[in-house]
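Please read the structure below before turning to the comments.
The values are calculated or read from the model by the stated rules, or taken from the named source; none is laboratory data. Owing to the predicted nature of the structure, the values given are computational and were not obtained by experimental measurement. FYI the Cβ positions are ideal-geometry reconstructions off the backbone, even for glycines, and counts take in every protein chain you see.
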Amino acid sequence: QKKLYGIVPAPDGSFVQVAISEMNGTWKVDTVICRDVNDAIRNVLLLNKKISLGIHSYWVHKDVPEYISLKSFKASFGDFYAVTPVTDYALYSEVLKSNLGGVYTDDAYLCTLPIHLVPRISHSFVTVAKDGDTYKVGVIIQLQLVAVFSVPATDNRQLNGFLPRIYRYWTTLNTDKKYPGTTVLLNCPDITIDDEDEMVLHLSFDPEDVTVVKAAGVALCEIEDGVPAFSKETPECTVRKVRSGFVLSSIALVCISLLVFVSLAAMNFYLKGQIESGKKVYNKEIEQNREIRDLFKTGTQLAQQIASLDSTGAKRSSWAKLLQYIGSNRPAGLFIEKMGTDRSDKSGEYRVAIAGWAGNETAVTEMMKRLNGSPVVANAVLQTMQQDPKKNNYFIFKIICHLK
């Protein structure tokens, strides 16, 4: 369902923007927005929409050149020109140029609405509509808006006298365009035309706010070429789809970034919960069994030593293999108390110091043999071995070896 967009200035200085769409052959207003034309956010959010701008103009005959000066923009389909000051044109159109599909007189509704809303409308007709304290009379010939006249709306009888005067004035013009014989009364239910020879049609367009009606009429200029244009589609408007693609891509990237951030935050929160839960279970088990607590203490010390190795660049796999080997090949009666490491200044290799105690010398000797025959260390040397001065039946030892 295609939507058309139009925007016109309102009497209070704001702008009225409407979106219209066709349903079952009838055009209707979908949205009405009253806004500042300099609202940068709303202008950006137009994205790839093409919008038609209607601005106030007055109509003069070509024989009045002082009104059609270089200081004015003008548009015409014949002897009459729709004229608007250059300053107004520049002021209104500059901020919308990225989406501007064309600039038209805001009297466009006198032509476009009857063409698209009145079934089987004649190709030539006159439209009468109230605009504030005046009546606008638009002359449409061969589906083109060729002139607009104004008359004060103080008394309906003035309108009945004004319409015949326009007809008589038209006959004095040197033109081949015959004055229409059909009159359309737009949102004028209380107006009656006294001329019995005239075909009078009543057209009601809801809402009846004349500014909204003007904006809707200008929106139809995108598909109707019967309204003189001060300018057509801007070059910037032709690349609006590419520009909107960049904008949407940027918004998508921001949304994805936010989604990733939220996901990571949620995962971090979940992992923290899991860690806290694990800590509680861990602490409970430790409290229940002192022996297990002591073993975990030793394990913590070993883990700290491994972390120290990591920080200095030690080989993780070799350490894991060494710990596994010692744990599975330790002779009976021999116990490991401490393990440490340093790096040789000469060779750059890591030396491992293993300290502990044993019930006899034979266990220490056997441990040396097993270390020298292991696939994870080399050059195992018994650095010291002596009786424990406090416990004569135990031997304290220290072994130095190298990780392979």
*Looking at segment 109-126, is at least one residue touching a Cys at 6+ places or on another chain (Cβ under 7 Å) and of a type in the set (A, V, I, L, M)?*
no
_Within segment 57-66, take every residue that is exposed (fewer than 15 other Cβ atoms within 10 Å of the Cβ) and part of a loop (DSSP other than H, G, I, E, B) and give me the one that is modelled with the highest pLDDT._
K62
*Can you tell me which residue within segment 124-148, out of those that are outside any strand (DSSP E or B) and touching a helix residue (DSSP H, G or I) at 6+ places or on another chain (Cβ under 8 Å), is farthest from E224 (Cα to Cα)?*
G132
*Hand me the list of strands (runs of 3 or more DSSP E) wholly inside segment 180-248 holding 1 or more residues that are modelled with pLDDT of 80 or more and over 15 Å from V103 (Cβ atoms).*
182-186, 199-203
*Criterion: of a type in the set (D, E, K, R) and crowded, with 19+ Cβ neighbours inside 10 Å - qualifying residue of D106, D133*: D106
*Here are some residues: D79, D30, D88. Which one is surrounded by fewer than 20 Cβ atoms within 10 Å (Cβ to Cβ), modelled with pLDDT of 80 or more and under 25 Å from F149 (Cα atoms)?*
D79
*Answer with yes or no whether Q305 is under 29 Å from Y282 (Cα atoms), loosely packed, with under 15 Cβ neighbours inside 10 Å and either at pLDDT below 90 or among the aromatic types (F, W, Y) (or both).*
no
*asked:* If I filter segment 170-208 down to residues being free of Cβ contacts under 8 Å to residues at least 60 places away in the same chain and within 49 Å of the chain's Cα centre (by Cα), which single residue comes out as surrounded by the fewest Cβ atoms within 10 Å (Cβ to Cβ)?
replied: D190
*Would you say V218 is in contact with a Ser or Thr (Cβ under 8 Å, 6 or more places away or on another chain), in the same structural domain as I7 (by TED's automatic domain parsing), of a type in the set (V, I, T) and more than 24 Å from V32 (Cβ to Cβ)?*
no
*Within segment 322-341, is there a residue that is more than 60 Å from the chain's Cα centre (by Cα), at pLDDT below 75 and surrounded by fewer than 15 Cβ atoms within 10 Å (Cβ to Cβ)?*
no
